[in-house]
Structure formats: C-alpha cells, structure tokens
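Here is the structure we will look at.
Please treat every number below as a calculation from the coordinates, not as lab data. If you're wondering where the values come from, they're calculated on a predicted model, not measured in any experiment. Counting neighbours? That spans all protein chains shown, and the Cβs are built from the backbone with ideal geometry, glycine included.
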Amino acid sequence: MSERLSSMQCIPCRGGVPPLQGEELDHLESELGGGWRAVDGHHLEKEYTFPDFSGALSFVNLVGALANDQDHHPDIYLAWGRARIQIWTHKIDGLTESDFVFAARCDALV
C-alpha cells in the first residue's frame, strides 16, 4: 500500500482532462501495488478475500462509506468471502490520480 497515496484526498474531476497514459500511469500503478492492476489502461481492479460473507460485506460497507465521503463511484462486486472493486473516472472514461488515491484508501480499510 502506498502511504503517500492513502494520505491524499480524492479531487473530483470536472472533465476536460485526458486520462492517464504511458509512464505516468505505469508509475502510479507500481506505486499503488498491493494486487491492483490497471486493466487496459481504463480502470483499476482488485479482488479482496475474506474468511466469510460477513467480512466481505463489512468491507464493502466501509468502501461505500469512503466512496460517499470522497465523492467517488466505484463498481463493487460482493460474493461469499470476496469483494472486487473497479475504479475509474467516469467523466473522462479513464484513470486520474484520484482513482489511485481511492484505491490506496480502500487498501487502508483492510
């Protein structure tokens, strides 16, 4: 987990900026680490595992509260003992630094 990223706040995107690409995207992906991957340069994705449904549900609820607080809109998939998070900035249909911040903050919840 990146302490630098997890200590930052998400900044809402107003659009009109290009999605991250190339070296900048690669650098943030490597800084984030922790099993996150940038899928086709479009979104971040990670699956978390838990010993039971209750643990996964508790985590999903924490992510939901964080999303509300940070004005972020992840896709969250819940299953028995698993939660998968997908993150991207909808206004630009790609990734911004705030997506990496949100991902790091999700890791801090575990």
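Tabulated data for the structure shown
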| read-out | value |
| --- | --- |
| Ranked packing of 19-30, 80-91, most packed first, by mean Cβ within 10 Å | 80-91, 19-30 |
| 10 Å beta-carbon shell around Ala103, net charge (K/R +1, D/E -1) | -2 |
| Neighbourhood charge, 9 Å Cβ-Cβ cut-off, centred on Lys46 and excluding it, Lys, Arg +1 and Asp, Glu -1 | -1 |
